[in-house]
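Working notes for the structure below.
The values are calculated or read from the model by the stated rules, or taken from the named source; none is laboratory data. A quick note: this is a predicted structure, and the numbers were derived from the prediction, not measured. Cβ atoms come from the backbone with ideal geometry, glycine included; neighbour counts cover every protein chain shown.
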Amino acid sequence: MTFPKAREHCGLCGVSGGESILERVHLGLHSLQHRGQEAAGIMVNVDGRCRVHKSAGLVDAVFRAIPLDWRQCRNLPRAISHVRYSTAGGSKENNAQPLMVEMAGQRVGIAHNGTLCNALSVRRKLQHEGVIFQTTTDTELILHLMARSLTKRHHGDLWEALEEALGEVRGAFSLLLMSHDYLVAVRDPFGFRPLSIGDFDDGGYMVASETIALQVAGARYLREVAPGEMVIWGPNNTMVSHRFAESPRRAHCIFEHVYFARPGSFVFGDSVYEVRKAMGRRLAREAPVDADVIVPVPDSGMYAALGYAEESGIPLDMGLTRNHYVGRTFIDPGITSRRKMVMRKLQPIVEALRGKRVCLIEDSIVRGSTSRARVQTLRDIGTKEVHMRVSCPPHRFGCFFGIDFPRREELLANKVPPDQLCRTLRLDSLVYLSQEGMLSCVKAFKPEDYCCACFDGNYPTPPELVENPTLPFFDAGGP
Ligand code: SF4
């Protein structure tokens, strides 16, 4: 099975205190569905006992099957939840999160967005010590490291054990953990993945991967969990901040702005909508085109196309329409023709495009096979010229920090020399946004506070910490 686009691994949503916790978590997690569509799960404290409900499927389907006694329970003090992808061949249900274990005489659950880039060596070390794993996720390693720390210390402070465990892992981790009395939110010292806190009028708090979840659930945005910070809500729901590690530098994933996050979210202090539009405007200045119409590739190319059209003065038209009943990563193994697959997801509107010089705005090109098929489809319907502008630089490197890119050798910009990309995709012209141009569109942090490793190969963590992510025994949620 292959996937035409890079995929986000996971989304997180947790609630502590306040009313209607199940409803709030459901609303929040549902708005994060784009971050993971293969499995969903929730952990709650029902009448004093932590329980998990999770399975393969979309959020609504998983929540429809929530046990009745959870819905009727009047004492639900906190909950954490998760949406995820898995890689091909992985056992979806087994690796679904939150993962819950018995530890120090109580149930502890964890949900993770990101990838631990030293997972392989940590797993081998633990296996050597006799640890048996229930899943193939890297997330489970944190629980085992916590348990080992508790055993060594001979006392039961879970959150000290968590801090010690976090000292042994490297890479990207936005985490939610929960026990009988606590909810804990953690962000790795680089701040690769977003994690935001909001509050409700009734004193409840929500933590979520994107601010859209807070907005949809009716919470006010308070702030982000800072890189290297652990935020703890205890039995009385007071919010306490604890710094577990100094941040060597920030490394916010710029690709959240380009592609992953929803346009209604604020990510790393900037509006995704505004950043995407700014990328389109900048692209129009860097790479003007002689065209009759600007056509976005839905959905994530939409806002860059708006910016491009505004700046260039060329009219925008919705010449491609998306079938919303086909998932973001839909691949039907029964359909072997790439062109038919592309057509099934995105259909050109002949009346809008025939005989015109069209400029497509893409958010990114990963393997290129989808783009090539799309261009051919436009030529087949009689489009006069097909140009393409891409709102980020070419992808040449893999990601070890929570995004499931194809292998480096499969990336189009690696396989084909720059001067041949346009011909390979059968385009009349092709220009990517420069890295400088992309970074000029984010305002809240300096350009050097972002990770651009999949574009320039400058990994924020030392190379010896980045292990081979293609080794077989980790599923998504791990490398
Ligand atoms: S390598 Fe690319 S996708 Fe991965 S964290 Fe860095 S910017 Fe994001």
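Restricting attention to the stretch 246-261, report how many residues are over 16 Å from the mean Cα position of the chain (by Cα) and within 16 Å of the ligand (Cβ to nearest atom).
Here is the first cut: in the stretch 246-261, the residues over 16 Å from the mean Cα position of the chain (by Cα) are 246-250.
Those left that are additionally within 16 Å of the ligand (Cβ to nearest atom): 247-250.
Within the stretch 246-261, residues that are over 16 Å from the mean Cα position of the chain (by Cα) and within 16 Å of the ligand (Cβ to nearest atom) number 4.
State all residues of the stretch 321-353 that are at pLDDT 95 or above and crowded, with 18+ Cβ neighbours inside 10 Å; if no residue qualifies, say none. Hit for the stretch 321-353 is 353, nothing else. In this structure, is residue 454 part of a helix (DSSP H, G or I), within 15 Å of the ligand (Cβ to nearest atom) and under 30 Å from residue 248 (Cα atoms)? When the stated conditions are applied, residue 454 passes them.
For the stretch 42-136, no helices (runs of 4 or more DSSP H) sit wholly inside it while including 2 or more residues that are touching a residue at least 24 places away in the same chain (Cβ under 8 Å) and of a type in the set (Val, Ile, Thr).
Taken as a whole, the structure places residue 264 among residues that are out of contact with any Lys or Arg (no Cβ under 9 Å at 6 or more places or on another chain) and either closer than 25 Å to residue 453 by Cβ or more than 16 Å from the ligand (Cβ to nearest atom) (or both). Scanning the stretch 42-86 for residues that are surrounded by 19 or more Cβ atoms within 10 Å (Cβ to Cβ) and hydroxyl-bearing (Ser, Thr, Tyr) yields 81, 85, 86.
Only one of 221, 205 is of a type in the set (Ser, Thr, Tyr), more than 21 Å from residue 401 (Cβ to Cβ) and surrounded by 20 or more Cβ atoms within 10 Å (Cβ to Cβ). Can you tell me which?
205
Close Cβ contacts (under 7 Å, 6 or more residues apart or on different chains) running from residues in the stretch 413-433 that are of a type in the set (S, T, N, Q) to residues that are assigned to a strand (DSSP E or B) and surrounded by fewer than 15 Cβ atoms within 10 Å (Cβ to Cβ) are absent. Scanning for something more than 16 Å from the ligand (Cβ to nearest atom) and outside any helix (DSSP H, G or I), does the stretch 370-377 turn up at least one residue? Looking through the stretch 370-377, none of the residues is more than 16 Å from the ligand (Cβ to nearest atom) and outside any helix (DSSP H, G or I).
State yes or no: is residue 139 touching an Asp or Glu at 6+ places or on another chain (Cβ under 8 Å), crowded, with 18+ Cβ neighbours inside 10 Å and either more than 27 Å from residue 406 (Cα to Cα) or of a type in the set (S, T, N, Q) (or both)? Taking the combined requirement at face value, the residue does not satisfy it. Among residues that are more than 16 Å from the ligand (Cβ to nearest atom), modelled with pLDDT of 95 or more and either assigned by TED's automatic domain parsing to the domain that holds residue 299 or more than 16 Å from residue 177 (Cβ to Cβ) (or both), residue 31 is included.
Restricting attention to the stretch 204-235, the residues that are in a helix (DSSP H, G or I) and within 16 Å of the ligand (Cβ to nearest atom) total 0.
Matching residues to (1) assigned to a loop (DSSP other than H, G, I, E, B); (2) within 16 Å of the ligand (Cβ to nearest atom); (3) touching a strand residue (DSSP E or B) at 6+ places or on another chain (Cβ under 9 Å); (4) of a type in the set (A, V, I, L, M):
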{"position": "168", "(1), (2), (3), (4)": "yes, no, no, no"}
{"position": "177", "(1), (2), (3), (4)": "no, no, yes, yes"}
{"position": "192", "(1), (2), (3), (4)": "yes, yes, yes, no"}
{"position": "198", "(1), (2), (3), (4)": "no, no, yes, no"}
{"position": "202", "(1), (2), (3), (4)": "yes, no, no, no"}
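Only residues that are basic (Lys, Arg) and more than 11 Å from the ligand (Cβ to nearest atom) were counted in the stretch 390-409, giving 2. State whether one or more residues within the stretch 395-409 are part of a helix (DSSP H, G or I), free of Cβ contacts under 8 Å to residues at least 60 places away in the same chain and closer than 21 Å to residue 431 by Cβ. No, that holds for no residue.
Among the residues of the stretch 34-73, the one identified as closer than 26 Å to residue 264 by Cβ and either among the polar types (S, T, N, Q) or assigned by TED's automatic domain parsing to the domain that holds residue 324 (or both) is 37.
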